[in-house]
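The values are calculated or read from the model by the stated rules, or taken from the named source; none is laboratory data. No experiment lies behind these values; they were computed from the predicted model shown. Here Cβ is always computed from backbone atoms with ideal geometry, including for glycine, and neighbour counts include all displayed protein chains.
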Amino acid sequence: MRFTPEKLSIPDLRMQPFIDPDEIWDLINNTKPDKSQVRDVISKSLSKKRLTLKETAVLVNASDPDLIEEIKEGARELKKRVYGNRIVLFAPLYIGNKCTNNCQYCGFRISNKEAVRKTLTDEEIIKEVEALEDNGQKRLILVYGEHPEYSADYIAHTVRLVYGIKKGNGEIRRVNINAAPLDIEGFRKVGEAGIGTYQIFQETYHPEAYKWYHLGGKKKDYAWRLTALDRAQEAGIDDVGIGALFGLYDWRFEVLGLVRHANHLEACYNVGPHTISFPRIKDALQLKINPQYQTNDDEFARLIAILRLAVPYTGLILTAREAPDLRREVMQYGVSQIDGGTKLELGSYSESKNEEQNLNREQFRINDSRSLGEVIDELLTLDYIPSFCTSCYRMGRTGEHFMEFSVPGFIKRFCTPNAILTLSEYLCDYATEEIAEKGWKVVEKNLATLDTNVMQKTREKIERIKKGERDIYF
């Protein structure tokens, strides 16, 4: 369903810039919350209602250490109510690092003459995907620089190529995209290839800061990027992901910018973003940023908890830019997806050599280089269910339909059983003996939490998996 101004009975706000820096700074500078206000906002969020910009500002401006702990505790509780103890796993696959932009924080920028430019051939993509499948991956995000070679037709081609690669029991069931903004027709072409989420990060929502960091290329156009996911929605892609790169500008402004973006999509298209990402600036070749906006670990944990409370049903993605100890700490505040076994150098998944990261061939440096198996082992130890589930996407439970299922809480009927089933596949096909032993204990523990009927059906499906069937879901 697409909303027209007549249906909305308000001015058509689609594909119009929606960030007002003065409004956001006014909220930051003039919201002076007391304890009761903070607790009221947390209470509203725990009732699974999306927060307004002003309510989010109440949380952002809560500086008392005790209140910050209450915010974190609220985020922990909300995560349990909406997501349970599942953590969805994925891997990024860089297809090409050619780029016409000149972003001061990125190793791919055109002015970086030391960067080694490469686009994977189809044969190299096949080798990379087979290597990822050999490790048990089922969900990928394909990443592209902004360059004429990476057109909508090319992106659609690579998506179809990846979906067609099967090795043993391995297959990729969901291909997400992180690429440049397209026009409506371009988004339509990519959508028709069967993608999952189309992800575009605004980087910074502050127009002047954005101008300072983006010195060349089409990415200079703040409004074109800001309204990109409106065009995606108009093209029929209702599963979109937003994000900001923390460390470019004041973290408080960026949090409110993300919430404003989420609420804009909700108001205009009746569905908010499927995911929000919040990567922090990490080492890149010839990095040029303003050090005053560096987001420290305490601020990072706060902003994740605030985002969880502000957008209860939006997935939060934590990347391998962060070190294992910090990832372990902040997952509890609302993270629902992480990458595992991540490699950023083009072609590195299928290479057997073990080299130090080469920033000449990477966008930035990662700080969690553990294998997928090691990440899963830790998740099991921490009592999470590692999940490769893709059922909602494939059953049409996305966009407005996802909200119909998830807002009333019905999604729990699907998510825990499907997480158990995809974990069971991994334990049968890829786990070491030690991880398998630990994993089956986690499976049994979580089966016991299900309603009797759902538990019995899930057990039946697990037995089918043990006998060789794959891709079984609710």
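Given 258, 265, 303, which one is part of a helix (DSSP H, G or I) and more than 30 Å from residue 235 (Cβ to Cβ)? Every option except 303 fails the conditions.
Among the numbered criteria (1) modelled with pLDDT of 95 or more; (2) touching a Ser or Thr at 6+ places or on another chain (Cβ under 8 Å); (3) among the basic types (Lys, Arg), which one does residue 79 miss? With respect to (1) modelled with pLDDT of 95 or more; (2) touching a Ser or Thr at 6+ places or on another chain (Cβ under 8 Å); (3) among the basic types (Lys, Arg), residue 79 is out only on (1). Being touching a Pro at 6+ places or on another chain (Cβ under 7 Å) and modelled with pLDDT of 95 or more narrows it down to one of 432, 422, 458, so name that one. Only one candidate passes the filter, namely 458.
Results for (1) under 26 Å from residue 426 (Cβ atoms); (2) part of a loop (DSSP other than H, G, I, E, B), shown as yes or no for each residue.
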site: 124; (1), (2): yes, no
site: 129; (1), (2): yes, no
site: 132; (1), (2): yes, no
site: 189; (1), (2): no, no
site: 196; (1), (2): yes, yes
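Taking residues in the range 1-23 that are farther than 16 Å from residue 258 by Cβ and of a type outside the set (Gly, Ala, Ser), and partners anywhere that are exposed (fewer than 13 other Cβ atoms within 10 Å of the Cβ) and at pLDDT 70 or above, the pairs with Cβ atoms closer than 6 Å and at least 6 places apart or on different chains are 5/12.
Rundown of residues vs (1) touching a residue at least 24 places away in the same chain (Cβ under 8 Å); (2) closer than 25 Å to residue 235 by Cα, yes/no style:
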residue: 106; (1), (2): yes, no
residue: 115; (1), (2): yes, no
residue: 121; (1), (2): no, no
residue: 138; (1), (2): yes, no
residue: 142; (1), (2): yes, yes
residue: 151; (1), (2): yes, yes
residue: 162; (1), (2): yes, yes
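Hey, any hits in the range 175-182 for a residue that's farther than 20 Å from residue 98 by Cα and assigned by TED's automatic domain parsing to the domain that holds residue 274? Checking the range 175-182: at least one residue is farther than 20 Å from residue 98 by Cα and assigned by TED's automatic domain parsing to the domain that holds residue 274.
When 203, 185, 149, 130 are checked against the criterion of being out of contact with any His (no Cβ under 9 Å at 6 or more places or on another chain) and within 19 Å of residue 231 (Cβ to Cβ), a single residue qualifies: 185.
Listed here are the residues, each with its yes/no results for (1) surrounded by 23 or more Cβ atoms within 10 Å (Cβ to Cβ); (2) of a type in the set (Phe, Trp, Tyr); (3) part of a strand (DSSP E or B).
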{"residue": "208", "(1), (2), (3)": "no, no, no"}
{"residue": "216", "(1), (2), (3)": "no, no, no"}
{"residue": "224", "(1), (2), (3)": "no, yes, no"}
{"residue": "241", "(1), (2), (3)": "yes, no, yes"}
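Residues that are surrounded by fewer than 24 Cβ atoms within 10 Å (Cβ to Cβ), small (Gly, Ala, Ser) and under 12 Å from residue 276 (Cβ atoms) within the range 299-323 comprise just one, 315. The combined condition, being more than 30 Å from residue 420 (Cα to Cα) and either at pLDDT below 95 or in a helix (DSSP H, G or I) (or both), is fulfilled by residue 58. From the list 399, 409, the lone residue that is over 18 Å from residue 169 (Cα atoms), at pLDDT below 75 and surrounded by fewer than 17 Cβ atoms within 10 Å (Cβ to Cβ) is 409. Exactly one residue out of 186, 164, 241, 216 is modelled with pLDDT under 95, among the small types (Gly, Ala, Ser), assigned by TED's automatic domain parsing to the domain that holds residue 121 and over 24 Å from residue 54 (Cβ atoms), and it is 216. Every condition in (1) modelled with pLDDT under 90; (2) on the phi < 0 side of the Ramachandran plot holds for residue 386 except the one numbered (1).
Listed by first and then second residue, the pairs linking a residue in the range 420-431 that is closer than 14 Å to residue 137 by Cβ to a residue that is in a loop (DSSP other than H, G, I, E, B) and at pLDDT below 95, with Cβ atoms under 6 Å apart and 6 or more places separating them unless they lie on different chains, are 422/389. If the condition is being part of a strand (DSSP E or B) and among the β-branched types (Val, Ile, Thr), then the range 142-187 contributes 143, 175, 177. Filtered by the rule that a residue be part of a helix (DSSP H, G or I) and basic (Lys, Arg), the range 61-94 gives 72, 76, 79, 80, 81.
Of all residues in the range 449-461, those that are over 12 Å from residue 413 (Cα atoms) have Cβ atoms under 7 Å from Cβ atoms of residues that are part of a helix (DSSP H, G or I) and not acidic (Asp, Glu), 6 or more apart or on another chain, in 459/447; 461/421.
For the range 25-46, the count of residues that are crowded, with 16+ Cβ neighbours inside 10 Å, in a loop (DSSP other than H, G, I, E, B) and at pLDDT 95 or above is at least one.
Looking across the range 449-474, the residues that are part of a helix (DSSP H, G or I) and among the basic types (Lys, Arg) come down to 457, 459, 461, 464, 466.
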